[in-house]
Amino acid sequence: MRIHELKRRLKHAGAGPLHEQRILRLWSHALPRDSGRRLPQSFFPSSLLAALPAIEAELAGLARLHAVHPGADGSERLLVALADGQTVESVLLPRDGLCVSTQVGCAVGCQFCMTGRGGLLRQLGSAEIIAQLALARLRRPVRKVVFMGMGEPAHNLDNVLEAIDLLGTAGSIGHKNIVFSTVGDPRAFERLQQGRVRPALALSLHTSKAELRRRLLPRAPDMTPEELVGACEAYARATGYPIQYQWTLLEGINDGEDEIEGIVRLLSGKYAVLNLIPFNAVDGVAFGRPSWERCKQLARTLHQRGILTKLRYSAGQDVDGGCGQLRARAVQDPVPVRRVVAITQF
């Protein structure tokens, strides 16, 4: 289901704009129908009341919680089962955050990511994206949503933008607390500026070298790091939100002194934050993570060179620690389990 289809069904059932807004708010906040000061019987037309049970049942059936994997830091990795039997991952983060998925699988094929190893299976509808929020809010408050789960949001742009619009309106998420994460796509840079809800932007950069980036992200749009940073800087200045540049630290690949010089060249004077994320081990992938001391040294050096840098603690060395690994394990072993794992913080 897509959100515009849901709105069309509500209108056909007799819903006016205020009725629609209330239903979308209740759904996205995981609240019962009789929440609020006015009872449904005194607010909704009879035709809408008659149609609501079937619509609510369909919304509830979009996604269900298949397994919960709590982390020691208060995070919870959620394996979410969709109506067709496919699964995706969401992560409840500390400080009221939620990481959502936009696709089953991913077509980019990043060499260090488990999600992309199986390719793209299908897109998520915009309602399936919001259903992840509804499930999460049954467990705890959510005040920030990041599109950093399974999939490349720019490859599912219509559905993601529909979901973002609802998040920033009926979903009550502040616009700067919605983060669209992408490997970079000219269509995304253009269309993100056109919506009434303009999210913050995170770019998966990972290297300052064009050729290395093409190898690490083989099916990302063929934009050079300079072109990507230029497009991001324009968006940052238009929205007033700094760009979050994501950099997965791979030992001996993108953690050298040459990359420090490249980062300084690209990001000096830019409205930006650089997030250094030590690599999380992935079964069957030959990359390693630098030592924690080396990671800290990189962050210190970049700070000294004038680049606002945050070193993200990434302790998920368990096989379920990186995005896509929980789903891969569940496909091999479909019995739901609860186990304590460490979760990457975004």
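The values are calculated or read from the model by the stated rules, or taken from the named source; none is laboratory data. The structure displayed is predicted, hence computed values, not measured ones. Don't worry about glycine lacking a Cβ; one is built from the backbone with ideal geometry, like all the others, and counts go over all protein chains shown. All accessible areas refer to the heavy atoms of the entire protein, side chains included, with ligands and DNA or RNA removed. Shrake-Rupley method; radii C 1.70, N 1.55, O 1.52, S 1.80 Å.
Evaluated at q = 0.11, 0.12, 0.18, 0.20 Å⁻¹, the base-10 log of the normalised Debye intensity for the range 178-277, with identical point scatterers placed on the Cα atoms, takes the values -0.30, -0.36, -0.80, -0.99. Among (i) 148; (ii) 129; (iii) 370, which one is volume of the Cα convex hull per residue in Å³ computed from these coordinates? Computed from these coordinates, volume of the Cα convex hull per residue in Å³ corresponds to label (ii). Normalised by 2.2 N^0.38 Å, where N is the number of residues, the C-alpha radius of gyration of the range 108-173 stands at 1.20.
Beta bridges assigned by DSSP with both partners in the chain are antiparallel in approximately 45 percent of cases. Considering only Leu192, Leu217, Asn254, and ranking their Cα positions along the charge dipole of the range 155-264 that arises from unit charges at the beta-carbon of Lys, Arg, Asp and Glu, the one farthest toward the positive end is Leu192. Net charge dipole, the range 1-104: roughly 500 debye, given to the nearest 20, about the Cα centre with Cβ charges of +1 for Lys and Arg and -1 for Asp and Glu.
If only the Cβ of Lys and Arg carry +1 and only the Cβ of Asp and Glu carry -1, the dipole of the chain around its Cα centre is close to 1040 debye.
Spatial offset of the range 248-266 relative to the range 151-215 amounts to 24 Å, using the alpha carbon center of each.
With a ≥ b ≥ c the root eigenvalues of the C-alpha gyration tensor of the range 78-117, is it rounded (a/c under 1.5), prolate (a/b larger than b/c) or oblate? Oblate, because a/c is 1.5 or more while a/b does not exceed b/c. By the Cα gyration tensor, the range 1-130 has an equivalent ellipsoid whose semi-axes, rounded to whole angstrom, run 33, 18, 11 from largest to smallest.
Which one of Pro70, Gly16, Ala231 is farthest out on the positive end of the charge dipole of the chain, using unit charges on Cβ (Lys, Arg +1; Asp, Glu -1) and the Cα centre as origin? Final value for the positive-end residue is Gly16. Each peptide among 116-122, 146-152 gets the average number of other Cβ atoms lying within 10 Å of its residues, and from highest to lowest they stand as 146-152, 116-122. Solvent-accessible surface (1.4 Å probe) assigned to Leu249 amounts to roughly 0 Å². Ranking Gly284, Val104, Leu120 by Cα position along the charge dipole of the chain, where only Lys, Arg, Asp and Glu carry charges on their C-beta atoms, puts Val104 farthest toward the positive end. Largest to smallest in accessible area, the residues Trp292, Trp247 fall in the order Trp292, Trp247 (1.4 Å probe, all protein chains included).
Picking from His66, His303, His206, which is most flexible by a Gaussian network model of the chain using Cα springs under 10 Å? Fluctuation is largest for His303. The Cα atoms of the range 139-204 cover 34, 24, 18 Å along the three principal axes, with the biggest extent listed first. Across the protein chains, with a 1.4 Å probe defining accessible surface, the residues Tyr241, Tyr235, Tyr313 rank Tyr313, Tyr241, Tyr235 from largest area downward.
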